[in-house]
Structure formats: C-alpha cells, structure tokens
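A.B. asks: Just passing along the structure, written as structure tokens.
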Amino acid sequence: MDKYKYTEIAAQIRAAIESGDYPVGSKLPAHRALAKKLQTTAVTVSKAYQLLAQQRVVESFVGRGSYVLGERLDKVIHAQHSVDELNFSILQPHLTQSVRLLSQQLVTSFSHFDDTRLFGYSENSGLLEHRSAGAKWCQYYGLEVADAQQILLTNGAQNALASLIQLYSNEGDCIAVEALTYPGILAICKHLRRTVVAVAMDEQGMLAEDLQAQCSKQKPAMVIVLPSQQNPTGATMGEMRRQAIAKVIKKQDIWLLEDDIYAFLNDQKLGPISNLIPSKSFYISSLSKSISPGLRCGYIKAPQEQLAKLADFIRATLWLPSPFVFEVATNLITAGQAFEMAANQREFAGRRQRLVTRHLPQARIERQRASYSCWLHLPEGVTTQKFTCAAAEKNIIVSDASYFNSASAVNAVRLSVMSVAQESLFIEGLKSINQLINSPTASYLN
Ligand SMILES: Cc1ncc(COP(=O)(O)O)c(C=O)c1O
C-alpha cells in the first residue's frame, strides 16, 4: 500500500476537522463512501482512520464507525458541580488538612518578606534555593541528584510533560506510552500531533519486552513511563522491571520521560529508572498530588548535557514559574512539612482503599495499598458507556476507560478514592457502585 496516500488522506481529514467541516462528535463518512469519493480503496481509508485514532483525533467503534473526538480532559476529570455529587473522578490530595497547613505557610512565608529577588525576574530557571528544594524533594523519594542545577522548575508536571514532548520530539513522531495511561499525556500528543504507540502492561506496568518490540517496529522518539502507582491502574514497577526498561532505552537510544509524581505513595523507596540511565532520561515530579494541585509546582531533573537547551525552552515559553509559590513550596520542603503532608495523604489513601475492599468485596480491581485510584473491571456484559451512564443517574461520577486508552477498548472505569471528601458520602457511593456491578438483571445491562 502507498503509505503517502493514507497519511495524506489522514491529513486532509484532520484539516477538515480543524476547519469545522467535521465538528466534534460527528461521524466520519463510511470507508467505502469516502474511498469512492477520493478514488481510492476502502483499505486505504481504513488505514487513514486508524492513524487518526492513534493520534486521538477520532475514536472508532466496531460496527458503528469513527467519530471526531473533542477535548477529552474535561470528560475524564469532572469538576465538582455540587457538594452532594459523588465525584469519583479527580485524583487530588484530601484537601481539608493540607489547605490548613498550606495557608499557615503562606502567611508565614509572606509575613517577613523583604526578599526583592522574589518580586523580579529571577535567573532563567528560577532561584537556586528553589531548585535545591526540588532536588531535596526528589531525593527523598529515591532520585539521585548530584547537582541542584540539574533541577528545572515548571508549572506542574503537566507543563513539564508538554515542554519535554514539544522539545524532544517532532510533529508526526511516535511516542511510546503504557497501553493505559494518564489522559493528560494523550491530550498533549493529540495537540502536538505525535502518534501514540501503546506498550503492553502487566501488574507491574510497562513490559520491557513489548517496549523493545515496539521500538523495533515503530521507532518512537521517546517513551513515557509512570513507574509508581501508575495512573490509572496503580501498577508499580519493582527493581527488576525498572532495570529491564532502562536496558531497552539504553539499547534503543531513545529518551525516557519518567513521570513519578506518585512516588510518595510507594510502600518502600524504589530507585527511579532515571538513576540507571541519567543521560537518557528526564525525571518529572510535582507537589500536586502530595500537597495541592493549586500550587502548580513541578520539577524536572534533566541530563547535564540537556540543561541549557531545556532551560532556554522554558525561558522562551513560560519564562519562569511564579517565585512566590516556589518560595512557599521551598519553605515547606526545607522545614520537612512537605514530607509529613505527603505521608498523611498516603495514610488517607490507604484508609480509603481499605473501605473499597470492604464495600466492593467481589469487584475485580487493580490498585496498590495506598493508590489514589482503583481500576475497576466491569462484569461480563456491562460496557463502560452503560456503566458510566447508570452511575451518573445515581449522581456518581466515574472516569470512563476510553480516556486512558492508547490501545484497544477495555470495559473498566477509574474510581478516585480521594475526591469525595466526606467519608460517609464516599461509603454511600461505594455501596451504590457495588449494587450496580452486582445486579446483573439491572435494566442498564440490556
Ligand atoms: C501521571 C500524572 N502526571 C501528571 C499529572 C499532572 O500533574 P500536575 O498537576 O503537577 O500538572 C497528573 C494529574 O493527574 C498525573 O496523574
């Protein structure tokens, strides 16, 4: 088959989507009809649609056709609309306790403010003491950092991911990701027109053998790995798996983006993959999950040789993240409070997971002892769409598997154990979910 032809057709359809000829949610023409119009074969059109699906521009359903996708992130993470909504969709810290400590620290940090450096443009990549605190934060959870200058500051992990993808890959490049992964990564790839390559997983996350196979076949520019408490499955790589992944990356000579923002939830300290291949990897951390997503404090540890290039890019695109918030974060880290707050969140998540065990006793669930979420496999015959709608009717908001999916469809949903603040409401929600998955005669199955 002529590769140019199907890629050209995919580009034409993409342009038509962007110009509004095919609006979000609309159905694309059937393969045969479009093939006839373009004087090509249905197989070529099918390949073009597959390519668009890989780029997360369209979604294809067997027997139903291909539909134009819109912005997915607001569908997977629903903002809280009312206090009584049982919102199981947001992975964030339990804010009641962290907000109190955080506001105290804000007052303290700003009460003896005479540091004019915080009010002006600081050095390109932020103040060195803020970068040192970032180094301390990452080191505490196992990262080796020889020099604090290797830490660059970003507006959260999302900004770190987007910057690195933009800088270290080109339009049209393939990026290898876990078959189920954080939708924010898929959204960046879609916007920047990178093609997502799904790598198979098991209970420890990405499989090194499949990464090797995909590298040989698809030649990705980079691989993005979530080694700890993976979003959405909770999969956590043991030492051996980390070594095996590092070996493949070294051999294939590709970049690693190691997004380890959930490392603080691990039961034991696990050395990041980046420790094994420091010149090939970018390690990403953030305070969003342990302290507050509102801080927007992210850290990248970059290879020494890449520092100037990445610092230049950050300088050009965001100049520098707010020194005020990094001052607060730095004070929390240096006083040790940040680590206590993270440990408290871990304990809270563990308690919530025990409630899940108690109230969803028969469910098939993937998670770790203290993950922020559960990956709930739905019973035979229950589709994700039907379950999500049935749950919504009971005022329960869950995140649909398709948003995490870089490969084939799975019937599952992600449940956040953190976002329903009140325990009694959380239990009420779990009981309703239990009813939904244990009532095979329920009308939603039909
Ligand atoms: C794996 C992963 N990476 C990055 C992010 C974004 O984090 P931040 O709020 O620091 O941008 C999230 C948020 O859910 C996430 O789950």
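FYI, it's all coordinate maths here, none of it is from the lab. Predicted model only: the values in this text are computed from it and were never measured. Because the Cβ atoms are built from the backbone with ideal geometry, glycine has one as well, and the counts that use them run over all protein chains shown.
A.B. asks: Give, as a single signed number, the net charge of other residues whose beta carbon lies under 14 Å from the beta carbon of Ile437, with Lys and Arg counted +1 and Asp and Glu -1.
C.D. replies: Counting the neighbours of Ile437, the net charge comes to +3.
A.B. asks: Continuing with the same structure: Which pairs break 21 Å Cα to Cα here: Lys190/Lys301; Lys280/Lys301; Lys217/Lys251?
C.D. replies: In this structure, Lys190/Lys301 lie more than 21 Å apart at Cα.
A.B. asks: Could you give the size of the charge dipole of the chain about its Cα centre, using +1 on the Cβ of each K and R and -1 on the Cβ of each D and E, expressed in debye and rounded to the nearest 20? Each step should come with its number before you reach the end.
C.D. replies: Working: 45 positive and 39 negative charges, 229 e Å.
Charge dipole of the chain: 1100 debye, to the nearest 20.
A.B. asks: On full extension of the chain, what length is gained from Ser60 through Glu305, given 0.36 nm per residue of separation minus the C-alpha to C-alpha distance?
C.D. replies: Once the chain is fully extended between Ser60 and Glu305, it gains 84.0 nm.
A.B. asks: Mind checking which aspartates and glutamates have their C-alpha under 17 Å from Lys431, skipping anything on the same chain fewer than 8 residues away?
C.D. replies: List returned: Asp84, Glu85, Glu393, Glu423.
A.B. asks: For the chain, set up a Gaussian network in which alpha carbons nearer than 10 Å are linked by springs, and say which option among Tyr141, Tyr121, Tyr299 fluctuates the most.
C.D. replies: The residue with the greatest mean-square fluctuation here is Tyr121.
A.B. asks: What is the distance in Å between the Cα centres of the stretch 307-339 and the stretch 263-282?
C.D. replies: When both Cα centres are located, 20 Å separates them.
A.B. asks: Taking Cα pairs under 8 Å and at least six residues apart, what relative contact order does the stretch 155-202 come out at, in percent?
C.D. replies: 43 percent.
A.B. asks: Provide, for q = 0.21, 0.28 Å⁻¹, the log10 of I(q)/I(0) from a solvent-free Debye sum over equal Cα point scatterers in the stretch 14-58.
C.D. replies: The computed values of log10 I(q)/I(0) come out as -0.72, -1.12.
A.B. asks: Cα centroid distance between the stretch 144-181 and the stretch 213-260, in Å?
C.D. replies: Cα centres, the stretch 144-181 to the stretch 213-260: 13 Å.
A.B. asks: Along the charge dipole of the chain, which of Pro323, Val410, Pro183 sits closest to the positive end, that is, farthest toward it, with unit charges on the beta carbon of Lys, Arg, Asp and Glu (+1, +1, -1, -1)?
C.D. replies: Val410
A.B. asks: Please work out how much length the chain gains when fully extended from Ala53 to Gln39, using 0.36 nm per residue of separation minus the C-alpha to C-alpha distance, in nm with one decimal.
C.D. replies: Fully extending the segment from Ala53 to Gln39 adds 2.8 nm.
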